[in-house]
Amino acid sequence: MAVLVIADVHANLQALDAVLEDAGEVDAVWCLGDSVGYGAQPNEVLARLRAVGALCVAGNHEWAALERLDLRTFNPAAAEAARWTAEALSAASHAMLSELPERRVEDRCTLVHGSPRDPIWEYILAPWVARENFDFFDTRVCFFGHTHVPAAHGLVHPAMPESPTGRVHGDQAIELHPGDRYLLNPGSVGQPRDEDERAAYLLWDPDTRGCQWRRVDYDVEAAQALIRDAGLPDVLWQRLGVGR
Ligand code: ZN
């Protein structure tokens, strides 16, 4: 069985389509939130996620687009993009976002956007934050996003000291020990922030616990042109070219 795990698409249809094509045939798509915000194609991205039957959770940018949170918690460019997105959402997109849960459990894995402790807001950037979060989910594996940086954190048996504890670079596969617990981040499809501008995703096999991070080139210039033409802040298209 193959599951495509994605996060932080951020209304970037070019990146999402490149990932869907590169991943090939999969049995399920799990999407860890922030499908909208920053990019210029929120409705197109949400329609594509519906078309592939993606199982999604809500992120802070979905809540911002639904006007469920105070935009003063966003930086100015993010707030402007959130207002633009709220305005652009079709009725179908609005309905889809309104029904998203903050967390779900699929095939013995927990799915959240930020962290199991605080699914909408908390960033798991440091190993000690990851460690605290193992108390807030019951499954052996939890997938999360929000940081836009691919990562693996393991809570492993003391006899297995070589646990992954942080960033994952480029294409990489990790064999997970059956008895251990993990917090895994696929990285961002539509706005990578690890100085690699390629779209990031993860392939997961629930049966073998095989876990493969992948990067794929996409048409960055096309995504940038759409953001520019939409009149969104310059920083939002500029950062796509440098992956920051
Ligand atoms: Zn995000």
Identify the residue in the range 1-12 that is surrounded by 24 or more Cβ atoms within 10 Å (Cβ to Cβ) and either of a type in the set (A, V, I, L, M) or more than 16 Å from the ligand (Cβ to nearest atom) (or both) and, among all such residues, is nearest to the chain's Cα centre (by Cα).
-> Ala7
Just one of (1) of a type in the set (Asp, Glu); (2) closer than 18 Å to Ile124 by Cβ; (3) surrounded by fewer than 19 Cβ atoms within 10 Å (Cβ to Cβ) trips up Asp217, so point out which.
-> (2)
Residues in the range 168-184: is at least one within 16 Å of the ligand (Cβ to nearest atom), of a type in the set (A, V, I, L, M, F, W, C) and touching a strand residue (DSSP E or B) at 6+ places or on another chain (Cβ under 8 Å)?
-> no
Would you call Val57 farther than 22 Å from Ile227 by Cβ and either among the basic types (Lys, Arg) or within 13 Å of the ligand (Cβ to nearest atom) (or both)?
-> yes
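Can you find, within the range 51-68, the residue that is nearest to Val36 (Cα to Cα) among those that are open to solvent by 30 Å² or more (accessible area, probe 1.4 Å) and of a type outside the set (Val, Ile, Thr)?
Filtering the range 51-68 for residues that are open to solvent by 30 Å² or more (accessible area, probe 1.4 Å) and of a type outside the set (Val, Ile, Thr), the one nearest to Val36 (Cα to Cα) comes out as Trp63.
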Restricting the search to the range 21-59, which residues are among the hydrophobic types (A, V, I, L, M, F, W, C) and not in a loop (DSSP other than H, G, I, E, B)?
-> Ala23, Ala28, Val29, Trp30, Cys31, Val45, Leu46, Ala47, Leu49, Ala51, Leu55, Cys56
Are there any pairs with C-beta distances below 8 angstrom linking a residue in the range 89-114 that is touching a residue at least 60 places away in the same chain (Cβ under 8 Å) and within 12 Å of Val141 (Cα to Cα) to a residue that is open to solvent by 50 Å² or more (accessible area, probe 1.4 Å) and within 16 Å of the ligand (Cβ to nearest atom), with the two at least 6 apart or on different chains, and if so which?
-> Val112/Glu102
Residue ID - farthest from the ligand (Cβ to nearest atom), chosen from residues in the range 29-44 that are in contact (Cβ under 8 Å) with a residue 40 or more places away in the chain and aliphatic (A, V, I, L, M) | Ala40
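The values are calculated or read from the model by the stated rules, or taken from the named source; none is laboratory data. Every value quoted in this text rests on a predicted model; they were computed, and no experiment measured them. In this analysis, Cβ positions are derived from the backbone assuming ideal geometry, glycine residues included, and neighbour counts consider all displayed protein chains. All accessible areas refer to the heavy atoms of the entire protein, side chains included, with ligands and DNA or RNA removed. Shrake-Rupley method; radii C 1.70, N 1.55, O 1.52, S 1.80 Å.
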